[in-house]
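Working notes, structure below.
The values are calculated or read from the model by the stated rules, or taken from the named source; none is laboratory data. What you see is a predicted model; the values in this text were computed from it and never measured. Cβ coordinates were reconstructed from backbone atoms using ideal geometry, including for glycine residues, and neighbour counts include every protein chain displayed.
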There are 2 protein chains.
Amino acid sequence: MDEQYQPYLHLLLHLAKNTKLYGRRETSTMKLAEETKSSQQTISRKLQEMDDLGLIERKVTLTGITLLLTAAGIHVLEDLHEECEALFEHQSSIEGEIISGLGEGKYYVRLYRDRIQKSLHFRPFYGTLNIKVDDATLRKILLAKGKVTIEGFKTRNRTFGKVFCWKTAIGGSITGAIILPDRSTHKNVIEVIAPVNIRKKLKLENGGKVQCRLK
Amino acid sequence: MDEQYQPYLHLLLHLAKNTKLYGRRETSTMKLAEETKSSQQTISRKLQEMDDLGLIERKVTLTGITLLLTAAGIHVLEDLHEECEALFEHQSSIEGEIISGLGEGKYYVRLYRDRIQKSLHFRPFYGTLNIKVDDATLRKILLAKGKVTIEGFKTRNRTFGKVFCWKTAIGGSITGAIILPDRSTHKNVIEVIAPVNIRKKLKLENGGKVQCRLK
DNA sequence: ATTACTACACACCGAGTAG
DNA sequence: TCTACTCGGTGTGTAGTAA
């Protein structure tokens, strides 16, 4: 993004929406002021400046203003779009290193099995694939859309906390889920479950890399 | 886009690129000032303000600053991304009404045939499909990427002008091209050519609508 | 009705500099 | 070194108003 256009981005985006990028719009500085929650004077000045910068074409009429985005104006938005695309491109891709589990996972999956089936609509294999990921990847997962929460429960003897899940394609083929306990004990390790034995099916070994895709 | 974040967008985008959205970055106000072509003081102030707004997490260290985008900060960029997506969503789609040609097209395609084959890599059927489009659609085509120019030429008797072409899928199936003479005589009418007789193959009639997809 | 000028207040930028 | 303060010059928003 070219920083010189920063003060105009909000208005430019508004105009782009109004003109469907390529069209012409008959409007008035007052209408635009209302729509963008600023003053008629500010709109008038900004439109003049955007005209001077070559971002829009502007014709003053008796009843208002007719506006049109120029190729340059559209290009500013295209650039912005591309920058955003680049940012979110690898949005759903997760990569990490397979590590050996402690067998704990197996124990818990068994306990949560019915709840998992209810929330994620599959019957999990009783083993988890443990993947070590970096901080950024962990944050990516935690902030990802499509989070499913499995509520905790109590037995006579102890309390089991809630678990968060994200539906995931593992290794590009198996459909399963990443699960993270609300109060995780091991940092930077995610557990992945699926209806099948992932480790066996994908012939994975400790230390190897594996890709998942959030969905 | 929320207009209150406008002054921070440039810096926020810069930080997003640096942190790959989810990561942490150790940097300094001076480095960021250089990278974004502003002053150390401005960066310092803006980072404080972005922290106050909850867009970033900021930790001052002995050697500089450690930065992290918050969920809110990422969300601002997600919103921006979605707005851009919406703008460019129908970017490549062209729609118009079929009108009867004057037989002129046929004459010209025959003359330009070899040049068309060389530039567009297909041998055109000797007839054009005439489509009436609105102003915005015409502008969309003219500003579209992938424009191919066929240079004009002279014969003993007269001069033939250059022609602009855009590769296009017609009706979702036929691959052809939209062609527009440099000096078009009929306004808002585009001509479409293909290796086959489009009108016959798609069973099109005058007055009907047809969709094309630029590519 | 409009647009857009002038005038003024407030916000913002960046040089200098303290901590 | 670093961050971040003060402060003066400039930029930006809006009320009033002319055209």
Quiz item: Counting only residues that are farther than 21 Å from B:G208 by Cβ and either outside the structural domain of B:K106 (by TED's automatic domain parsing) or touching a residue at least 60 places away in the same chain (Cβ under 8 Å) (or both), which one in the stretch B:121-139 is surrounded by the fewest Cβ atoms within 10 Å (Cβ to Cβ)?
Solution: B:R123
Quiz item: Can you name the residue in the stretch B:25-45 that is surrounded by 14 or more Cβ atoms within 10 Å (Cβ to Cβ) and assigned to a strand (DSSP E or B) and, of all such residues, is farthest from DNA strand C (Cβ to nearest atom)?
Solution: B:R25
Quiz item: Within the group B:T63, B:T36, B:T42, which residue is within 11 Å of DNA strand D (Cβ to nearest atom), in contact (Cβ under 8 Å) with a residue 24 or more places away in the chain and of a type in the set (S, T, Y)?
Solution: B:T63
Quiz item: So how many residues does the stretch A:1-24 have that are at the interface with chain B (Cβ under 9 Å from one of its Cβ atoms), within 14 Å of DNA strand C (Cβ to nearest atom) and exposed (fewer than 15 other Cβ atoms within 10 Å of the Cβ)?
Solution: 2
Practice problem: State whether one or more residues within the stretch A:6-24 are small (G, A, S), away from DNA strand D (no atom under 11 Å from the Cβ) and assigned to a helix (DSSP H, G or I). | Solution: yes
Quiz prompt | Pair list, Cβ < 8 Å and 6+ apart or interchain, from the stretch A:72-97 residues that are touching a residue at least 24 places away in the same chain (Cβ under 8 Å) to residues that are in a helix (DSSP H, G or I) and among the β-branched types (V, I, T) | solution = A:I94/A:T137; A:I94/A:I141; A:E95/A:T137; A:G96/A:T137
Exercise. Answer yes or no: is there a residue in the stretch A:174-194 that is of a type outside the set (V, I, T), in a loop (DSSP other than H, G, I, E, B) and modelled with pLDDT of 95 or more.
Key: yes
Quiz item: Could you count how many residues in the stretch A:187-209 are surrounded by 11 or more Cβ atoms within 10 Å (Cβ to Cβ) and within 23 Å of A:K145 (Cα to Cα)?
Solution: 8
Quiz prompt | Residue satisfying condition, being buried (at least 16 other Cβ atoms within 10 Å of the Cβ), out of contact with any helix residue (DSSP H, G or I) (no Cβ under 8 Å at 6 or more places or on another chain) and small (G, A, S), within set B:A169, B:A177 | solution = B:A169
Quiz item: Counting residues that are more than 16 Å from DNA strand C (Cβ to nearest atom), within 14 Å of chain A (Cβ to nearest Cβ) and within 19 Å of B:I193 (Cα to Cα), which strands (runs of 3 or more DSSP E) fully inside the stretch B:46-160 reach at least 1?
Solution: B:93-99, B:147-150
